[in-house]
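Coordinate-derived values only; no laboratory data. Computed from a predicted model, the values in this text were never measured in an experiment. So basically every Cβ, Gly included, is an ideal-geometry build from the backbone, and we count neighbours across all protein chains shown.
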Amino acid sequence: MEKFFHSVYLDDSLCRGCTNCIKRCPTHAIRVIDGKARITSEFCIDCGECVRTCGYHAKKLHRDTLDILKDYEYTVALPAPSLYLQFNNLDDVNIVLTGLLELGFDDVYEVAAAAELVSAATRTYVAEHKEAWPLISTACPCVMRLIRVRFPGLVAHLLPLKPPVEVAAEIARRRAVERTGLAPDQIGVIFISPCPAKVTYARDPLGVEKSQLDGVLAIQDVYPLLLGAMKRVRDLPRALAGAGRVGVSWGISGGESLGMGSQRYLAADGIENVIRVLEGLEDDRFTGLEFIELDACSGGCVGGVLNVEDPFAARAKLRQLRLRLPAVPTSPPREAPADLSWDAPVRYEPVFRLGSSLSESITMARQVEELTQQFPGLDCGCCGAPSCQALAEDIVRGLASKNLCIYVLRDHIHALSDTCAQLAADAAAQEGDPSQERLRELAGRLEQLDQEITRMDVGHRPAVPPAGEPGSQKGERET
Amino acid sequence: MSDCLTLRFTVPADDFTRAGEASSSTKATLKQLGLPADIIRRVAIVMYEGEINMVIHANGGEITVEICPDQIVMVLKDTGPGIPDIQQAMQAGWSTASGAARDLGFGAGMGLPNMKKCADSLDIESTVGVGTTVTAVVRL
């Protein structure tokens with residue numbers, strides 16, 4: 001499998017090559033090239049900001065469809081806690097769970113129930129690992145990916161426990177095997193997800209060697225069908241729910257911390273806020289904290305781009321629903337794994353490194369600094385890069401050229417037209433017929449001028465001709 | 001030196017909200033250079049503590065970071081009041097921070113000791129009434 005698989009892809013026919021996504025991407029992973037927004041795979045953390053910000057809806061997300069149910073003998077749905085918060089006046093989670101059976105699943109297992117097991121394991125781990133305080137939650141895959149590429153010093157603070165969805169998948173598969181006698185691979189374990197990063201996780205997990213998830217459906221895709229199914233079962237829901245207040249609260253920011261049983265925590269949500277907190281943690285700015293809960297989406301998982309409901313309205317619904325949920329978590333099921341620890345270590349990936357050695361990187365960083373000084377510092381994005389410095393970095397990496405900056409190009413054109421005017425004046429001042437040599441030079445300059453202006457007209461960043469190797473576009477997604 | 005990279009920052013006086021900018025920018029550069037996590041962590045802490053010191057005690061100042069293949073040298077120079085007793089200032093818990101700074105959670109007296117812990121060498125030159133220059137070295 002490719003090292004950096006992502007759920008997000010571009011619909012070329014819808015992309016207008018505007019600068020909205022390149023400016024919003026927290027890892028500066030997007031460039032507009034040939035009028036289309038291309039994602040540098042190594043830098044992308046699946047946060048979904050580009051999906052949110054694209055007014056032309058050109059950023060699409062891979063996910064499975066309900067057809068996946070046909071691929072398995074027996075299927076189990078794993079509803080995310082945020083699924084419950086998409087419906088108006090829901091007073092019984094069993095209606096949602098029974099509705100999922102109505103859609104064709106053979107069984108359900110609540111991710112919220114597994115979350116309570118993860119809460120318990122987290123309390124134990126945090127208490128026993130004072131040396132790693134503050135421990136950073138690893139439930140949000142996007143935060144984990146961000147730390148892996150951008151915050152090397154914090155990798156050692158990652159809580160090395162599987163996320164609730166993985167624990168839920170393990171329990172669901174074991175239970176299904178016991179109940180049906182089928183082989184594990186005949187059972188399809190399908191997550192109903194608010195989050196594109198979980199689509200990535202299922203294929204390319206962090207912290208576990210191989211995810212137990214067989215498929216990921218988007219809440220927004222299931223929603224219309226589920227609404228109908230819920231209507232049909234509303235009066236006779238089966239008793240399937242087990243998760244309590246803590247587990248369901250994992251769907252919002254601060255919910256995971258609620259399960260900590262300690263007040264020495266910090267909870268932040270929204271990718272910009274998350275980055276600010278991580279910067280602070282890196283500088284050792286915060287004191288007296290045991291646990292850090294970070295959600296890339298504003299509001300927590302209810303803010304995921306695959307949801308239907310507004311995240312703030314979803315949070316309001318949780319307040320109501322919580323009153324109907326048991327305060328005490330249910331005891332762990334027989335099938336629950338005894339150990340929730342990671343089985344694959346997570347390591348720093350220095351994807352932002354400029355060169356292959358320190359001295360090469362230093363030389364390149366100096367070139368970046370010199371080049372950046374030559375650009376206007378407007379960070380306008382017209383070159384296709386999110387900032388003047390990002391363009392300078394692209395040039396030094398051999399991925400762009402200076403004339404992509406329209407201000408640099410404008411100065412070139414001014415200089416050229418000055419030269420033309422001078423040549424024309426010289427020719428006119430000559431006695432008798434101007435020399436052929438002068439005229440040829442003038443014609444040549446005028447042609448050059450025309451070419452440069454044409455490049456401006458195109459109004460987008462052309463693929464870079466110089467700097468040689470065809471491999472120079474590495475990491476860019478094929479769509 | 002020709003094979004080094006030099007970063008320069010101005011730390012404004014009395015602006016707590018901007019303390020950390022030089023540290024952030026330096027960290028971003030170190031990550032582009034592919035330096036190991038522990039080095040980045042130590043430089044970040046020295047820079048941030050240094051910035052905070054300049055804001056609290058010294059009406060701001062200038063920071064120069066020189067990144068060379070064998071070491072990173074941070075020179076933090078201010079024209080503040082100077083440190084009368086450097087040994088005392090290096091003791092954990094010793095602070096002359098103003099009440100306002102303490103109200104903000106600063107001034108716990110851990111700044112210089114924390115910097116010393118993270119740097120391979122820390123040199124302080126200070127003249128009362130003239131200013132202080134802190135030179136911290138992290139070896140690669």
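Using a 10 Å cut-off on Cβ atoms, rank the peptides A:241-248, A:268-275 from the highest mean neighbour count down. Intermediate results must be reported in sequence, preceding the final value.
Values: A:241-248: 23.5, A:268-275: 19.8.
Those peptides, ordered most packed to least, come out A:241-248, A:268-275.
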Proxy reagent accessibility, fewest Cβ within 10 Å first, across A:231, B:77, B:31: A:231, B:77, B:31
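Rounded to the nearest 500, what is the 222 nm mean residue ellipticity of chain A from helices alone, with -39500 (n - 2.57) per DSSP H run of 4+ residues and division by all residues? Present the calculation step by step, with values, prior to reporting the outcome.
Values: 16 runs with 194 residues, N = 479.
Result for chain A, helices only: -12500 deg cm²/dmol.
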Cβ-based charge dipole, chain A, positive-most Cα from A:382, A:113, A:17: A:113
The range A:26-74, relative contact order [Cα under 8 Å, separation at least 6], %: 22 percent
Relative contact order computed over the range A:131-247 (Cα-Cα under 8 Å; 6+ residues apart), in percent: 21 percent
Shielding by other protein chains, B:44-50, mean Cβ within 10 Å: 3
Taking chain A and dividing mean pair separation by its residue count, relative contact order in percent (alpha carbons under 8 Å, at least six apart): 21 percent
On Cα atoms only, tilt of A:311-322 relative to the major axis of chain A in degrees: 10 degrees
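If the only charges are +1 at each Lys and Arg Cβ and -1 at each Asp and Glu Cβ, what is the size of the charge dipole of chain B around the Cα centre, to the nearest 20 debye? Walk me through the intermediate numbers first.
Working: 11 positive and 16 negative charges, 70 e Å.
Computed charge dipole of chain B: roughly 340 debye.
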Shielding of A:350-363 by partner chains, average beta-carbon count, 10 Å: 5
Dipole axis of the protein assembly as shown (+1 Lys, Arg; -1 Asp, Glu on Cβ), positive-most option in A:294, A:81, A:146: A:81
Unsatisfied cross-links (Cα-Cα over 31 Å) in the set A:23/B:116; A:130/B:116; A:210/B:117; A:70/A:317; A:36/A:70: A:23/B:116; A:210/B:117; A:70/A:317; A:36/A:70
Dipole of the range A:404-458 [Lys/Arg +1, Asp/Glu -1 at C-beta], most positive-end residue of A:421, A:446, A:407: A:407
Pairwise centroid distance, computed over Cα atoms, of the range A:108-149 with the range A:356-405, Å: 38 Å
Loop-located GluC sites (Glu not before Pro) in the range A:333-442 whose Cβ has at most 10 other Cβ within 10 Å (DSSP): A:431
Relative exposure of A:151, A:43, judged by other C-beta atoms within 10 Å (fewest first): A:43, A:151
Which of B:94, A:342, A:250 has the fewest Cβ neighbours within 10 Å, and the rest in rising order: B:94, A:342, A:250
Inter-chain Cβ neighbour average for residues A:273-284, partner chain, 10 Å: 4
Cα gyration tensor shape of the range A:297-394, rounded if a/c is under 1.5, else prolate or oblate by comparing a/b with b/c: oblate
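Counting other Cβ atoms within 10 Å, which GluC sites (Glu not before Pro) in the range A:157-212 have at most 10 and lie in a DSSP loop?
Passing both the DSSP loop test and the Cβ count: A:209.
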